[in-house]
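Taking it in order: structure first as structure tokens, then the write-up.
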Amino acid sequence: MSVTDRSARSPDVPADENGESNADASTALSPDDTFHILQTFRRRESIRYLLRADGPVKMRDVAEHVAAREHETTVAALTSTQRQRVYIPLYQSHLPKLDTAGVIEYEKSRGIVRPTARLESFRPYLEAAASTDAEFDRASREASRDGHRPTVAALGAGVAFLLATAAGALHVPGVVLGGAIVALFVVAMAVF
């Protein structure tokens, strides 16, 4: 999709006087848009892959990376079913959403994904989430050895932290807050 097409479809990406999108010029998304994009594992992993890539990549390569991470295996060990179950939602939903937000340029017909300047704004959130995920994984392994899983109490403590932050009782930098939200989501998935 061309930049002009994106500005015509997405009212939240402002256009200049020539009708060109300013997505590259104004790389900041609102916190709500950022967290919405980071809400799903497949979009987070796609962004992680693209942050490591050097230039345009094949959509198939993104899908294989995401599928391998999702199934905790290597790309070579993926089955065709595992690949397909990730490829289709990326093709139809996740990559078009990233394109509309100006995070990537996605040429669906050619299967090419190009990062934009806006992609870099996700790095701090994903780095914070990675350190939080690593800490959670360590705690989960220790709890598994003892026969325990994360409890509803741990989930309650996380919710209390977020509520205190939202109420203004705690002042937490956005990157830390983003990591906390991702960690809380991971704990919720483990509990339920």
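Being surrounded by 15 or more Cβ atoms within 10 Å (Cβ to Cβ), out of contact with any Ser or Thr (no Cβ under 9 Å at 6 or more places or on another chain) and either more than 16 Å from residue 123 (Cα to Cα) or small (Gly, Ala, Ser) (or both) is true for just one of 78, 38. Which residue is that?
78
Do any helices (runs of 4 or more DSSP H) entirely within segment 26-88 hold 1 or more residues that are polar (S, T, N, Q) and farther than 22 Å from residue 108 by Cβ, and if so, which?
Output list reads 31-37.
Determine which single condition residue 94 fails, assuming it passes every other condition in (1) modelled with pLDDT of 75 or more; (2) exposed (fewer than 14 other Cβ atoms within 10 Å of the Cβ).
Unmet for residue 94, out of (1) modelled with pLDDT of 75 or more; (2) exposed (fewer than 14 other Cβ atoms within 10 Å of the Cβ): (2).
When you go through 158, 179 one by one, which is the residue that is modelled with pLDDT of 70 or more, buried (at least 18 other Cβ atoms within 10 Å of the Cβ), in a helix (DSSP H, G or I) and outside the structural domain of residue 32 (by TED's automatic domain parsing)?
From the options 158, 179, the qualifying one is 179.
The values are calculated or read from the model by the stated rules, or taken from the named source; none is laboratory data. Predicted, not measured: the structure shown is a model, and the values here were computed from it. Reconstructed Cβ throughout: ideal geometry from the backbone, glycine too, with neighbour counts over all protein chains shown.
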